[in-house]
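K.L.:
Supplied in C-alpha cells, the structure appears directly below.
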Amino acid sequence: MAPAAPKSGDVIFASVDRVNAELFTLTYGAIVRQLITDLEEVEEVNKQLDQMGYNIGVRLVDEFLAKSSVSRCVDFRETADVIAKVGFKMFLGVTASVTNWDADGTTCSLILEDNPLVDFVELPDTCQGLHYCNILSGVVRGALEMVSMKTEVTWLRDMLRGDDVFELQVKLLKQVPEEYPYKDDE
Amino acid sequence: MQFFGGTEISPSPPLPTASGNNGNMMYIFNRNGVCLLYREWNRPLKTLSSQQDHKLMFGLLFSLKSLTAKMDPTSAEKGNLGVPQLPGQGCSFHSFRTNTYKLSFMESPSGIKIILVTHPRTGDLRDSLKYIYNLYVEYVVKNPLYSPGTPIRSELFNKTVDQYVRGLG
C-alpha cells in the first residue's frame, strides 16, 4: 500500500490537540516579559528569542513531516508555499501568503495578517527595538536547517511597530546536501 | 556466540511471545549517521561490534540510496555517482529482500532513517515505518529532556515500539 497523500493544513489543524488561544498568547507574553527583565537589552532579547525559536524549529520539523506527510519539496518556491499554507496553519492556525519573490527565487516574504502571538500586545516606548515575534523567525530557520537549507530570516514589517501586516523575509543562503559522515580510513 | 560489548543503546531483547516475534531488529539513524536507536528482538548471529555494525548499516544505506538514484531510468538528472544528495530527493529505495530476511527503510526529509529487518515474507511496511516515525515524534522529539542528535534512552518509547512491532504482519 503506497504512503498516504499529503494532508492540507486545515485537516491537520482540525485533528491535532489544541490549546486555548489566550493561554498560548499569555504564556508567550510572559516569556518575553521575563526575558526583558532578565536581559534588559532589547537586542539580547531578540537574539535569545531567535535562539529559542531555533531550538523549537529543530524539533518541530519532525512533527511537521510526520503529521503532514509532505515529501521533499522540489525547489525553494514549493518550500515557501508549504511553510505558509501547511506549516503556519498547522501550528498557529493562521495561513500566511507568499510574495515578493526575487529574480533567482531564493528570497521571498511570508505575510501574516493575523498573528495569535500578538493579541492584546502593545509595545511600550522602552522596547521600541524589540522584535516581539522573533521566535517565529528562529523556528523557520531551525526547521529549514534540518531539511538541509541554510537560511536567513528577518522581519521586514511588524504590526506592533505600526505596519499593517507582519512580513517575514526568508532568504535561502545555500542547500547543504548530506555527506557521508564517517572518514574512509576508520 | 560473541558478546556485544558496551551496547548501552540496546537492552536485553524481550522474551518471544507465543505467536512468535516477527521483527528481527530495528535501527534509527539521524542525518549525521548517529545511531539514535538500535532494538534487537531476534538476532542469533552477531559478528561485529555494535559501532561497526551501525557504521556498516549506515554506509550500506547511504550507498544504496546513491546507487538507486543514479540508476533511475525515469530521472533526467545526469549527476555523477557519489555526488551528495538532499535527503528525500530523487527516487529512494524502500526495501530489499534476501532469502533469509527483508530490510525495510524509510527516510524523512529531515534525515531521520528508520530501518526494520523482518522475516522475508513480510509485506510492504512503509505505513508501519511511518507509524514508527510518528511514535518517534511523540515520545522522543516532544520530550524536552531529550537533546536531538543523541541516542534515545526512553523506556516508554522502547516499550511502545516493541509492542507495535510485535503486532506487525
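K.L.:
Give the stretch B:21-60 a look and list any residue that's crowded, with 17+ Cβ neighbours inside 10 Å and modelled with pLDDT under 80, or say none.
P.N.:
Once the filter is applied, which keeps residues that are crowded, with 17+ Cβ neighbours inside 10 Å and modelled with pLDDT under 80, the stretch B:21-60 yields B:Asn21, B:Asn22, B:Gly23.
K.L.:
All but one of (1) open to solvent by 10 Å² or more (accessible area, probe 1.4 Å); (2) touching a residue at least 60 places away in the same chain (Cβ under 8 Å); (3) among the hydrophobic types (A, V, I, L, M, F, W, C) hold for A:Cys108, so report the exception by its number.
P.N.:
Unmet for A:Cys108, out of (1) open to solvent by 10 Å² or more (accessible area, probe 1.4 Å); (2) touching a residue at least 60 places away in the same chain (Cβ under 8 Å); (3) among the hydrophobic types (A, V, I, L, M, F, W, C): (1).
K.L.:
Tell me, which residue of the stretch A:73-109 that is part of a helix (DSSP H, G or I) and touching a strand residue (DSSP E or B) at 6+ places or on another chain (Cβ under 8 Å) is nearest to A:Val19 (Cα to Cα)? Spell out the reasoning first.
P.N.:
Taking the stretch A:73-109 first, the residues part of a helix (DSSP H, G or I) are A:76-92.
If we keep only those that are touching a strand residue (DSSP E or B) at 6+ places or on another chain (Cβ under 8 Å) as well, we get A:76-77, A:79-81, A:83-84, A:88.
Working: A:Phe76: 31, A:Arg77: 31, A:Thr79: 27, A:Ala80: 26, A:Asp81: 25, A:Ile83: 21, A:Ala84: 21, A:Phe88: 15 Å.
Among those that are part of a helix (DSSP H, G or I) and touching a strand residue (DSSP E or B) at 6+ places or on another chain (Cβ under 8 Å), it is A:Phe88.
K.L.:
Would you check if there is a residue in the stretch A:28-50 being within 14 Å of chain B (Cβ to nearest Cβ) and surrounded by fewer than 20 Cβ atoms within 10 Å (Cβ to Cβ)? It would help to see each step written out before you state the result.
P.N.:
The initial filter retains those residues of the stretch A:28-50 that are within 14 Å of chain B (Cβ to nearest Cβ), namely none.
Within the stretch A:28-50 (the criterion being within 14 Å of chain B (Cβ to nearest Cβ) and surrounded by fewer than 20 Cβ atoms within 10 Å (Cβ to Cβ)), the answer is no, since none of the residues qualifies.
K.L.:
Restricting the stretch A:169-186 to residues that are of a type in the set (A, V, I, L, M, F, W, C) and within 14 Å of another protein chain (Cβ to nearest Cβ), which is surrounded by the most Cβ atoms within 10 Å (Cβ to Cβ)?
P.N.:
Taking the stretch A:169-186 first, the residues of a type in the set (A, V, I, L, M, F, W, C) are A:170, A:172-173, A:176.
Still in the running and within 14 Å of another protein chain (Cβ to nearest Cβ): A:172, A:176.
Working: A:Leu172: 19, A:Val176: 14.
For the stretch A:169-186, the residue satisfying everything is A:Leu172.
K.L.:
Cβ contacts < 7 Å: first residue within 14 Å of chain A (Cβ to nearest Cβ), restricted to the stretch B:108-121; second residue among the small types (Gly, Ala, Ser), any location; separation 6+ or different chain. Result?
P.N.:
B:Ser108/B:Gly88; B:Pro109/B:Gly88
K.L.:
For B:Ala18, which of the numbered conditions (1) more than 23 Å from A:Asp75 (Cα to Cα); (2) modelled with pLDDT of 75 or more; (3) open to solvent by 50 Å² or more (accessible area, probe 1.4 Å); (4) hydrophobic (A, V, I, L, M, F, W, C) fails to hold?
P.N.:
Result: B:Ala18 fails condition (2) only.
K.L.:
Same structure again: Please indicate, with yes or no, whether at least one residue in the stretch B:62-79 is under 19 Å from the mean Cα position of the chain (by Cα), crowded, with 19+ Cβ neighbours inside 10 Å and at pLDDT 90 or above. Spell out the reasoning first.
P.N.:
Going through the stretch B:62-79, the residues under 19 Å from the mean Cα position of the chain (by Cα) turn out to be B:62-68.
Those still in the list that are crowded, with 19+ Cβ neighbours inside 10 Å too: B:62, B:65-66.
Next, from what is left, pick out any that are at pLDDT 90 or above: none.
Among the residues of the stretch B:62-79, not one is under 19 Å from the mean Cα position of the chain (by Cα), crowded, with 19+ Cβ neighbours inside 10 Å and at pLDDT 90 or above, which makes the answer no.
K.L.:
Now a separate question. Say we look at the stretch B:94-130 and pick out the residues that are farther than 19 Å from B:Asn30 by Cβ and aromatic (Phe, Trp, Tyr); which of these is least open to solvent (accessible area, probe 1.4 Å)?
P.N.:
Looking at residues that are farther than 19 Å from B:Asn30 by Cβ and aromatic (Phe, Trp, Tyr), I get B:Phe96.
K.L.:
Tell me which residues, restricted to the stretch B:134-169, are surrounded by 14 or more Cβ atoms within 10 Å (Cβ to Cβ), in a loop (DSSP other than H, G, I, E, B) and hydroxyl-bearing (Ser, Thr, Tyr).
P.N.:
Result: B:Tyr146, B:Ser154.
K.L.:
Also, I was wondering about something else. Which one is least open to solvent (accessible area, probe 1.4 Å) among residues in the stretch A:127-160 that are within 14 Å of chain B (Cβ to nearest Cβ) and assigned to a strand (DSSP E or B)?
P.N.:
So, considering only residues that are within 14 Å of chain B (Cβ to nearest Cβ) and assigned to a strand (DSSP E or B), the one least open to solvent (accessible area, probe 1.4 Å) is A:Met149.
K.L.:
Here is a list: A:Phe120, A:Phe166. Which entry is surrounded by fewer than 16 Cβ atoms within 10 Å (Cβ to Cβ), of a type outside the set (A, V, I, L, M) and either more than 28 Å from B:Lys65 (Cβ to Cβ) or free of Cβ contacts under 8 Å to residues at least 12 places away in the same chain (or both)? Steps first, please.
P.N.:
Values: A:Phe166 fails: surrounded by fewer than 16 Cβ atoms within 10 Å (Cβ to Cβ).
Every option except A:Phe120 fails the conditions.
K.L.:
Look at the stretch A:54-69 and say how many of its residues are open to solvent by 10 Å² or more (accessible area, probe 1.4 Å), more than 8 Å from every other protein chain (Cβ to nearest Cβ) and closer than 23 Å to B:Tyr131 by Cα.
P.N.:
Of the residues in the stretch A:54-69, 3 are open to solvent by 10 Å² or more (accessible area, probe 1.4 Å), more than 8 Å from every other protein chain (Cβ to nearest Cβ) and closer than 23 Å to B:Tyr131 by Cα.
K.L.:
While we're on this one: Check whether at least one residue in the stretch A:162-184 is closer than 20 Å to B:Gly33 by Cα, at pLDDT 85 or above and within 17 Å of the chain's Cα centre (by Cα), and report yes or no.
P.N.:
no
The values are calculated or read from the model by the stated rules, or taken from the named source; none is laboratory data. Note that the structure is predicted; figures quoted are calculated from it, not measured. Cβ sites come from the backbone with ideal geometry, for glycine too, and all protein chains shown count toward neighbours. Areas reflect the complete protein model, heavy atoms only, side chains present, ligands, DNA and RNA absent. Shrake-Rupley method; radii C 1.70, N 1.55, O 1.52, S 1.80 Å.
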